[in-house]
Amino acid sequence: MKTRSIIYSLIILCFLQVSLSSCGEDDLKTAAKLKGQVSMSSDTTRGVDITYSDSAKVKAQGFAPVLVKVVPANGGSFQEMPKGIKINFLDPLANVKGSITSDYAIMKDLEKTATFLRNVVVINEKLTYNTEELVWDQTKKLFTSPKGVITKPDGTVLSAVNFTATEDFSTVTWENGTGEVYVPDNYGQ
């Protein structure tokens, strides 16, 4: 029994010696060089109210419990909303005409995109769209999503793949739609 304990102890000591001997002077020099390259700054704001305007007209208003702005040393800053976000779309009279909510969101400044993740719900007068991922491309003024479920006010429910919508959700397209479609009793009369 003591022989086994001694053998196990020697094996563990040899493993530790090999592990520690692999840490050489060159690794420490490399780590010191990387340290200067990985610097970044971040600011956290709580209870954020964001207003989006275009041509001096308020188009949307967003609310986030926490917003973290990260600025890496090499550029490419982004704003992360780890506790979710709600965005209300406004008409010219400042009435809410639709909304987007999600459990997480990230806005990348360089790419000019906003990605909404986890429990994403889009609501407007024409539809409700549920998905796990929705991306807004600010340059193209388009929303895209790989898949989700569309529910229309008449009760129609569709599974949609490659969902695309204009910035104001006035035009919506998707591929491979399957589901239940509501047909009124007086259809075709």
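Values quoted throughout were computed directly from the atomic coordinates according to the rules given, and no laboratory measurement underlies them. Just so you know, these numbers come straight off a predicted model, no measurement behind them. Heads up, the Cβs are rebuilt from the backbone with ideal geometry, glycines too, and the neighbour counts pull from every protein chain shown.
Take the residues in segment 112-152 that are among the hydroxyl-bearing types (Ser, Thr, Tyr) and surrounded by 14 or more Cβ atoms within 10 Å (Cβ to Cβ); name whichever of them is farthest from the chain's Cα centre (by Cα). Here the answer is THR151.
Criterion first (in contact with an Asp or Glu (Cβ under 6 Å, 6 or more places away or on another chain) and either free of Cβ contacts under 8 Å to residues at least 40 places away in the same chain or at positive phi (or both)) does ASN176 satisfy it? Answer is no for this residue. Taken over segment 83-107, the residue count meeting the criterion of being in contact (Cβ under 8 Å) with a residue 24 or more places away in the chain, part of a loop (DSSP other than H, G, I, E, B) and charged (D, E, K, R) is 0.
Of all the residues that make up segment 49-69, how many are in a strand (DSSP E or B) and among the small types (Gly, Ala, Ser)? The total comes to 4.
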